[in-house]
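Reading through the structure tokens given below for one structure.
No lab work stands behind these numbers, since they all come straight from the coordinates. These numbers come from a predicted model, not from an experiment. Heads up, the Cβs are rebuilt from the backbone with ideal geometry, glycines too, and the neighbour counts pull from every protein chain shown.
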Amino acid sequence: MSTPLAVVFQDAHILAVEKPAGIHTAPLRTGERGTLLESILSSFPEIARVPGVMPREPGLLHRLDRETSGLVLFARTPAAFTALRESFNAEGASKEYAACAPPSPAGLDTGGMLTVTSRFAPYGPGRRRVRVVPASETRRHALRQAAPDSYTTEARVAARGPRAFLLEARIRRGFRHQVRVHLAHLGFPLFGDPLYGVPAPAGAAPRMYLHACAVSFPHPATGAPLRIESPLPPEFAALLA
């Protein structure tokens, strides 16, 4: 059964929708059902004719992890897909996230910004997790395991509550689990993150507290700057209260 769509923005070139936490953005294997992309193709069948980074991902510009909610961007025409992919690859687009983590003495002052840049290396059973390989790493074994490119996350504490901090993070290029791993590396393991985080407090909604809240990029047809936003989910505000 396809997931009901929450369309945030659409025109003849672009479609931005909200993905709920708990479903895959696109199939990880042929025949997988219940993904966001399945719902997209049901409501917007023309996107099936748009190229994708992979053949089973027509029109999709970026993925979100299964446990992450928020904005996902699709191209509605081949020309829009090509233009948007060029923007994403040239770091002309940025993605912003909201996250909740336990209060941390290692954290940032409200309003202060910290930037972390690293490579990533897979590890653990099935190599499901990734770990930070910092620029200062010199061990040959660690460097051989790491992906060749470096990725940057900018983060700040946006609000403080008695049980949780609200963090904002921004990236231009994304690697698998990047925001989750970089925030944990900074001392902010996310609530509800099954791989890098800590359990959500008693009484909090059972989910991972990461939400893709904004995406900015040049419009593929006009080149004008465009910013699309998604409001903070109510369970985030409840956790901060």
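Structure notes:
- Put in order of Cβ neighbour count within 10 Å, fewest first, the listed residues MET113, MET208 become MET113, MET208.
- The equivalent ellipsoid that matches the C-alpha gyration tensor of segment 30-146 spans semi-axes of 32, 20, 17 angstrom, in descending order.
- Alpha-carbon radius of gyration plus Dmax, which is the widest Cα pair, for segment 98-241 in Å: 16.4, 48
- Rounded tilt (10° steps) of 78-89 against the dominant C-alpha axis of the chain: 20 degrees
- Kirkwood Rh in Å, taken over segment 1-90 so that all alpha-carbon pairs contribute: 12.9 Å
- Extension gain (nm, one decimal) between LEU5 and ARG49, 0.36 nm per residue minus Cα-Cα: 13.9 nm
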